Amino acid sequence: MSKILTQVHSPRDIRSLNLTQLRELAEEIRLEIVETVARNGGHLAPNLGVVELTLALHRVFNSPVDKIIWDVGHQSYVHKLLTGRQEKFGMLRQFGGISGFPRPSESVHDAFGTGHSSTSISAALGLAVARDLKGDSYSVIAVIGDGAMTGGMAFEALNHAGHLKKDLIVILNDNEMSIAQNVGAMSGYLNRLRTDPMYSKGKEEIEQILRKMSIGHTLLRLGEKIKDSLKYLVVPGMIFEELGFIYLGPIDGHDIKAVTTVLQRARAIKGPVLVHVLTKKGKGYPPAENNPDKYHGVGPFNVTSGKVNKDNSVPSFTDVFGKTIIKLASLKQDLLAITAAMTGGTGLTNFANLYPERFFDVGIAEQHGVTLAAGLASGGYHPVVAIYSTFLQRAYDQILHDICLQNLPVTFAIDRAGFVGDDGPTHHGLFDFSFLRPIPNMVIMSPKDENELQHMLATAVNHHGPAAVRYPRRTGVGCKMDDDFKLLPIGHAEVLREGTDLTLLAVGSMVGQAEEVAGILSGQGIKATVINARFVKPLDKKCILKYAAITRNIFTIEEHVLQNGFGSAILELLSSSGIKDVLVQRFGVPDNFVEHGNTSLLMGNYGLTAKQIAKEIADKLILKSHSRKLKAVSD
């Protein structure tokens, strides 16, 4: 670690540094972030873009008394380095180490936990109101990117903040990107602000002109109404000021002196202020500057070459989805694709290039994306909505009210389901069975491998109602891919192995684990039936009840929380069917949020490896057999 950075243990340590030292510190921070992310993976480009902005923030404001809220939070690495977490930074995103996102339990400098987009202004306004209700005095600052500003929730908060007139500073970190290139009218508006010097100079020039006029001072004294009327002649489209904010900017976000000056000015203004800062994503590391979307969230890579350390011999589920959706689109002219600022992440880049008129990136606006799909379906098309599991929960009402209530033909391609590894609790996709399963008309599928994924997608887009296909953030198993699609009968399971001692009911990514468990138990003389459920809703009632009656021992395995998950559905089925005297045990994630860490490690931590499951099953069967013998003796 470099010289100046080692001397920074809290934000107060940077306030005595001169401008030359701050610039040197900025380069040291960039080097530390690049080297750490190269080892651990993480969000590289966003953090390289906010180095000078973060330094200026901590020079002007007094954290943790003043509250800084980061939106989405993946750009908080610099903040962590400046707030006493240097020694732990090497364990960034590692199990037992610090999170890649702000976490109040980790540091008092993390004012609010974030991980999803567009929440910062709402949270900051809440803190500002709480401050005033208590009679306290401190600054509240929300740092939001231009990508996150495309989320409707951000505008709801801006509207309310402008109405309440609370002292609040919103910093718009404008790097022209979210994860992929930004889309929409707001992106165009911000682009005009960036490129037209009249936007940044307009207000100041109006005041200067008025002061030079003989009646200028009189006009200035007439107040804001006349000044604003004149301002709009020179500064068109002042949307933020119309919402009740004082607008400052745009300014160069890599000029520490300029950012510091503007932040000091913003701190002195009463009421809500928006500071428009221009930054470059990936600043200081050429591979990330040239390909900011590729290095937004990246796995371990070689610092010199920038090459990501990845074995591409087996395609990921995401890759298979991307290829399958293109093939399906060639067969179905009514098929459309929708994503929410995740074109590359969901595997839709090639689809977007091949079928631009049939592809829609709605920005970070999952709610709008889902209801857009509902409208398209009502108009005679079959939209495929590709959204990560953790982000789909943001559109729950739209799924229920706009899609399922009307039984519209919309397919949900749910990527990043299950454990997602080092991004942690804000990103694990462990709740989708639970929130989708209670909704009438919804069909829920989860493939055991990449070949089954393509058949499930074909089944979903040919289904005349809502359907969800859920798959993990992992490479496939390397299975042979069929050349032609097979439409799966809705609600039919697949029996992979038959045995008389117990039934292993698994779904999705855990089917392979179930087969391995059966192999281990077979070596102990225990014969297991293995069923690939395929469908979480509707269940294959006939198949499940048949093997429940034969084996009298049911074990469910899922990469999902136990509450209202797949295992719960099996319990409900057995109960409603009047089946008694059947041992049922569920393997899954208990009722808590899962920390960040390697997926294999997390599997072991929650008892979901094949060896752990096999041992627990064997112990349970031995205990059950012993109890029966004792009962027989007592009888």
For region 28-71, which residues satisfy the criterion of being surrounded by fewer than 24 Cβ atoms within 10 Å (Cβ to Cβ), of a type in the set (Asp, Glu) and assigned to a helix (DSSP H, G or I)?
Glu28, Glu32, Glu35
Only one of (1) in a loop (DSSP other than H, G, I, E, B); (2) in contact with a Lys or Arg (Cβ under 9 Å, 6 or more places away or on another chain) is not met by Asp483, so which one is it?
(2)
Could you count how many residues in region 497-512 are closer than 27 Å to Met442 by Cα and either surrounded by 23 or more Cβ atoms within 10 Å (Cβ to Cβ) or assigned by TED's automatic domain parsing to the domain that holds Phe433 (or both)?
9
Selected residue (criterion: nearest to Val507 (Cα to Cα)) from residues of region 435-479 that are in contact (Cβ under 8 Å) with a residue 60 or more places away in the chain, hydrophobic (A, V, I, L, M, F, W, C) and part of a loop (DSSP other than H, G, I, E, B)
Val477
Any residue in region 524-544 that is assigned by TED's automatic domain parsing to the domain that holds Leu621 sitting within a Cβ distance under 7 Å of a residue that is of a type in the set (Phe, Trp, Tyr) and not in a loop (DSSP other than H, G, I, E, B)? List the pairs, counting only those 6 or more apart or interchain.
Thr529/Tyr547; Ile531/Tyr547; Ala533/Phe566; Val536/Phe433; Val536/Phe566
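Listed here are the residues, each with its yes/no results for (1) crowded, with 20+ Cβ neighbours inside 10 Å; (2) under 28 Å from Pro300 (Cβ atoms); (3) outside the structural domain of Asp66 (by TED's automatic domain parsing).
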| position | (1), (2), (3) |
| --- | --- |
| Met91 | no, yes, no |
| Glu106 | no, yes, no |
| His109 | yes, yes, no |
| Thr114 | yes, yes, no |
| Thr119 | yes, no, no |
| Ala124 | yes, no, no |
| Leu133 | no, no, no |
| Ser137 | no, no, no |
Given the conditions (1) under 24 Å from Gly421 (Cα atoms); (2) of a type outside the set (Lys, Arg); (3) touching a Gly at 6+ places or on another chain (Cβ under 8 Å), every one holds for Phe112 apart from (3)
Please go through region 256-287 and pick out each residue that is surrounded by fewer than 18 Cβ atoms within 10 Å (Cβ to Cβ) and either basic (Lys, Arg) or not in a helix (DSSP H, G or I) (or both).
Lys257, Arg265, Arg267, Ile269, Lys270, Gly271
Positions within region 494-514 being more than 31 Å from the chain's Cα centre (by Cα) and closer than 21 Å to Gly418 by Cα, in sequence order
Leu504
Please verify whether Leu487 is touching a residue at least 40 places away in the same chain (Cβ under 8 Å), of a type in the set (A, V, I, L, M) and either outside the structural domain of Asp415 (by TED's automatic domain parsing) or touching a Pro at 6+ places or on another chain (Cβ under 7 Å) (or both), treating the condition exactly as stated.
no
Collect the residues in region 513-549 that are part of a helix (DSSP H, G or I), in contact with a strand residue (DSSP E or B) (Cβ under 8 Å, 6 or more places away or on another chain) and either acidic (Asp, Glu) or surrounded by 17 or more Cβ atoms within 10 Å (Cβ to Cβ) (or both), keeping them in residue-number order.
Gln513, Ala514, Glu515, Val517, Ala518, Leu521, Cys543, Ile544, Tyr547, Ala548
Of the conditions (1) out of contact with any Ser or Thr (no Cβ under 9 Å at 6 or more places or on another chain); (2) farther than 20 Å from Ala56 by Cβ; (3) assigned to a helix (DSSP H, G or I), Ala124 clears all except one; give me its number.
(2)
Under 9 Å between Cβ atoms, which residue pairs at least 6 apart in sequence (or on different chains) link something in region 337-358 that is outside the structural domain of Val461 (by TED's automatic domain parsing) with a partner that is outside any loop (DSSP other than H, G, I, E, B)?
none
Need pairs with beta-carbon distance below 7 Å; first residue of a type in the set (Lys, Arg) and within region 303-322, second surrounded by 12 or more Cβ atoms within 10 Å (Cβ to Cβ); sequence gap 6+ or separate chains.
Lys307/Phe301; Lys310/Gly299
So how many residues does region 414-442 have that are on the phi > 0 side of the Ramachandran plot, surrounded by 22 or more Cβ atoms within 10 Å (Cβ to Cβ) and not small (Gly, Ala, Ser)?
1
Check Val298 against each of (1) touching a residue at least 60 places away in the same chain (Cβ under 8 Å); (2) out of contact with any His (no Cβ under 9 Å at 6 or more places or on another chain); (3) more than 17 Å from Phe412 (Cβ to Cβ) and name the one condition it does not meet.
(2)
If you take the residues of region 378-413 that are of a type in the set (A, V, I, L, M) and surrounded by fewer than 24 Cβ atoms within 10 Å (Cβ to Cβ), which of them is farthest from Ala352 (Cα to Cα)?
Leu405
Residue that is nearest to the chain's Cα centre (by Cα) [pool: residues in region 589-622 that are of a type in the set (Val, Ile, Thr) and closer than 28 Å to Asn40 by Cα]:
Val594
Name every residue in region 297-308 that is touching a strand residue (DSSP E or B) at 6+ places or on another chain (Cβ under 8 Å) and surrounded by 12 or more Cβ atoms within 10 Å (Cβ to Cβ), in order of residue number.
Gly297, Val298, Gly299, Pro300, Phe301, Val308
Give the residue that is surrounded by the fewest Cβ atoms within 10 Å (Cβ to Cβ), with candidates limited to residues of region 600-624 that are in contact with a strand residue (DSSP E or B) (Cβ under 8 Å, 6 or more places away or on another chain) and at pLDDT below 95.
Lys624
In region 139-159, which residue that is more than 18 Å from Ala266 (Cα to Cα) and of a type in the set (A, V, I, L, M) is surrounded by the fewest Cβ atoms within 10 Å (Cβ to Cβ)?
Met153
Among the candidates Ile439, Ile490, Ile414, Ile403, which residue alone is modelled with pLDDT of 95 or more and touching a Lys or Arg at 6+ places or on another chain (Cβ under 6 Å)?
Ile414
May I ask you to say which residue of Leu376, Leu354, Leu392, Leu348 is more than 21 Å from Ser434 (Cα to Cα), of a type in the set (A, V, I, L, M, F, W, C), under 19 Å from the mean Cα position of the chain (by Cα) and at pLDDT 95 or above?
Leu348
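The values are calculated or read from the model by the stated rules, or taken from the named source; none is laboratory data. Only a predicted model underlies this, so the values are computations on that prediction, with no experimental measurement involved. Note that each Cβ is placed from the backbone with ideal geometry, even for glycine, and that neighbours are counted across all protein chains shown.
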